[in-house]
Amino acid sequence: MYPAGNLFIPVAHGRLEAILKEPRGGAPSGVALVLHPHPLGGGTMHNKVVYRIARVFADAGFAVLRFNFRGTGRSEGEHDNGRGEQEDLRSAIKFIEENYPDAELWLAGFSFGSQVMLRAAACDDRVRAFVAAGVPVSRYDFSDIPRCNKPKLFVQGSLDEVGSAQDLANLFESLDEPKELKIIEGADHFFDGHLPELAAAVSAFIASIE
């Protein structure tokens, strides 16, 4: 097993920069993989929304892995408009499988990260449940994402500029149960001033899953 802290995940095109945090004292209750927003807009694994979601999972006893997609930070490769990034996610899942073979896997993604997650791995049989925050549903076509009957939480700001609450509600309606939708009133895409409400929604969701 890798020691917690800064590390690199091997991938076909080189390596991805990552941070692994483990709970203090005892084995983790699961492992959460949290994905960052669009790199071309400045998104990295250090984004405040990503960090806040990661902290919620850590507080719930999870080991938490964040990584930079290809071409971001010290991750090798070039940005690939969400295609190669899906392979990055699959490589990160493989890394978790190898290092936490018996742990329950959860996924969470913010903005661009949620898009990559929903297309590539949210319905993977290895995934127990997932959280999608700030889904850019008004900017991209999500009609072809896989459907699956695993627990899922969508959290969106009522003032999200790239994913309107109505557009997300329409997508949400088409998805299989079990599912939960939380609209945070007054929040924009980055949940400015509303991060505690986002954290509370994710925390409650984690607690609700047996």
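The values are calculated or read from the model by the stated rules, or taken from the named source; none is laboratory data. On a predicted model such as this, the values are computed, not experimentally measured, just so you know. Glycine gets a Cβ as well: all are built from the backbone with ideal geometry, and neighbour counts include every protein chain shown.
Exactly one residue out of 42, 14, 25 is at positive phi and in contact (Cβ under 8 Å) with a residue 40 or more places away in the chain: that is 14. Residue under question is residue 62, and the condition is that it be over 17 Å from residue 135 (Cα atoms) and within 12 Å of the chain's Cα centre (by Cα); does it hold? The answer is no for residue 62. Put simply, of 75, 114 the only residue that is of a type in the set (Ser, Thr, Tyr), more than 13 Å from the chain's Cα centre (by Cα) and at pLDDT 95 or above is 75. Considering the range 1-45, the residues that are closer than 20 Å to residue 59 by Cβ and β-branched (Val, Ile, Thr) include one that is surrounded by the most Cβ atoms within 10 Å (Cβ to Cβ), namely 34. Put simply, of 98, 78 the only residue that is surrounded by fewer than 20 Cβ atoms within 10 Å (Cβ to Cβ) and farther than 18 Å from residue 31 by Cβ is 78. Pull up the range 125-150, narrow it to residues that are among the basic types (Lys, Arg) and under 20 Å from residue 90 (Cα atoms), then point me to the one that is surrounded by the fewest Cβ atoms within 10 Å (Cβ to Cβ). Per the criteria, the residue is 147. When we screen 46, 38 for residues that are within 14 Å of the chain's Cα centre (by Cα), of a type outside the set (Asp, Glu) and within 16 Å of residue 7 (Cβ to Cβ), the only hit is 46. When the helices (runs of 4 or more DSSP H) confined to the range 42-147 are screened for residues that are β-branched (Val, Ile, Thr), those reaching at least 2 such residues are found at 48-59, 84-99. Would you please list the contacts, defined by Cβ atoms under 9 Å and residues six or more apart or on different chains, that run from a residue in the range 62-90 that is within 19 Å of residue 124 (Cα to Cα) to a residue that is in a loop (DSSP other than H, G, I, E, B) and basic (Lys, Arg)? These pairs meet every condition: 84/70; 85/70; 87/70; 88/70. Here 23, 28, 10, 37 are screened, and the one residue that is farther than 19 Å from residue 109 by Cβ, outside any strand (DSSP E or B) and touching a helix residue (DSSP H, G or I) at 6+ places or on another chain (Cβ under 8 Å) is 23.
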